[in-house]
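What follows is one structure encoded as structure tokens, with my remarks underneath.
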């Protein structure tokens, strides 16, 4: 999984700082490798290194050398995800990056590197590669944004701040962004400050299905999804989680004995919905995590923990967006019991059962915990009093969008 972004600014605005900011916002899409490329009078300066954006780009003097009003950025969940790529063909420099697996990125590189015309190269890539990808190609002051399938999100819009230009990104990652629209599946959009964005349909019948993980945890909660606010959709899913918990487990103790706790930011809106449905107290501050990288993906960063006063003597219901490897839950269960929790239950909006074939969701393990053992064995393995998980059909019914519009392959056996 990757995060990509591009910015085309007016005048003398320098885009490097905003591109680095986009890497920070997009960080959860990829935390192992990041980079930017900036174009200045046709000359491209690029940097890509392993690590988080604020660690890779922490030298202010070096940042001052990234001059240019047009640039692209890329963050990757792969340690070998060294992008953006930059090449020179007949004296013309071009840079590009993609949200795609490594083997697809190599195919894209062969097509783009061998062409002098970026429009025809992007068109050829979309028509010849039968695999979902999102692509940004930069040459001079122009960026071409392309999306071959609905399974790879990509949006574009106008920036209303000092840059006063246009952007394209996996999600809205720039301050002052306005008039945000999706780059449609099968479409490429040409961004240049000297003209309005050009939208060019390339594929006649593209795959329109959207990845369910985009709603579950990838999309920012303040943005729309299927015409509704993402946060409200997650709260609605949380209500369904609460109903399933009541049907499966029930409340066997007085309501003031319970506390509903989100597992970090990802479980926040699901926990709000579940708590409302069950009429229980919601405590958003009962877990903490001093460092940023998503713990389910990198176990060595699993530094979540309970605030003891919030759970002492309580029946704790933990709520998460998606059950991946179980490391966070195992850590919280051990800490919770040591700090006085009477019982610990877990509600998960979804559970990953296999690796996403399009790399939109993954576990650090070869197989996620859901692929290794049945639900009741997982509950015993994580030392939980109960484990409640929505199945994909229940999830889709909550969204109230036809099932064919969503890909839920990784959530099914």
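The values are calculated or read from the model by the stated rules, or taken from the named source; none is laboratory data. Just so we're clear, the structure is a prediction, and the values are computed from it rather than from any experiment. We place every Cβ from the backbone using ideal geometry, glycine too, and count neighbours over all the protein chains shown.
A few remarks follow.
- Considered as a group, the residues in segment 87-114 that are buried (at least 17 other Cβ atoms within 10 Å of the Cβ) and part of a loop (DSSP other than H, G, I, E, B) include one that is modelled with the lowest pLDDT, and that residue is 101.
- Any hit, segment 144-155, residues being within 19 Å of residue 46 (Cβ to Cβ) and either surrounded by 21 or more Cβ atoms within 10 Å (Cβ to Cβ) or under 24 Å from the mean Cα position of the chain (by Cα) (or both): yes
- Only one of 234, 204 that is touching a residue at least 12 places away in the same chain (Cβ under 8 Å) and under 26 Å from the mean Cα position of the chain (by Cα): 234
- Screening residue 362 against (1) in contact with a helix residue (DSSP H, G or I) (Cβ under 8 Å, 6 or more places away or on another chain); (2) at pLDDT below 85; (3) more than 23 Å from residue 260 (Cβ to Cβ) leaves a single unmet condition, (1).
- Considering residues of segment 290-327 that are under 23 Å from residue 391 (Cα atoms) and at pLDDT below 50 only, the residue surrounded by the fewest Cβ atoms within 10 Å (Cβ to Cβ): 297
- Within segment 304-347, the set of residues being under 28 Å from the mean Cα position of the chain (by Cα), in contact (Cβ under 8 Å) with a residue 60 or more places away in the chain and assigned to a strand (DSSP E or B) comprises 317, 319, 321, 322, 323, 345, 347.
- Here residue 200 meets each of (1) surrounded by fewer than 19 Cβ atoms within 10 Å (Cβ to Cβ); (2) under 24 Å from residue 321 (Cα atoms); (3) modelled with pLDDT of 85 or more with one exception, condition (2).
- Verdict on residue 71 being under 26 Å from residue 197 (Cβ atoms) and touching a strand residue (DSSP E or B) at 6+ places or on another chain (Cβ under 6 Å): yes
Residue by residue, here is whether (1) under 28 Å from residue 333 (Cβ atoms); (2) surrounded by fewer than 18 Cβ atoms within 10 Å (Cβ to Cβ) holds:
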| residue | (1), (2) |
| --- | --- |
| 371 | yes, yes |
| 380 | yes, yes |
| 385 | yes, yes |
| 388 | yes, no |
| 393 | no, yes |
| 406 | no, no |
| 410 | yes, no |
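- Tabulated pairs, segment 156-184, first not assigned by TED's automatic domain parsing to the domain that holds residue 14 and modelled with pLDDT of 70 or more, second buried (at least 23 other Cβ atoms within 10 Å of the Cβ) and assigned to a loop (DSSP other than H, G, I, E, B), C-beta under 8 angstrom, 6+ apart or interchain: none
- Residue match in segment 243-256 (condition: under 30 Å from residue 169 (Cβ atoms) and either in contact with a strand residue (DSSP E or B) (Cβ under 7 Å, 6 or more places away or on another chain) or surrounded by 18 or more Cβ atoms within 10 Å (Cβ to Cβ) (or both)): no
- Number of positions in segment 185-197 that are at pLDDT 85 or above and buried (at least 17 other Cβ atoms within 10 Å of the Cβ): 9
- Among the residues of segment 267-283, at least one is more than 22 Å from residue 54 (Cα to Cα), modelled with pLDDT of 95 or more and surrounded by fewer than 17 Cβ atoms within 10 Å (Cβ to Cβ).
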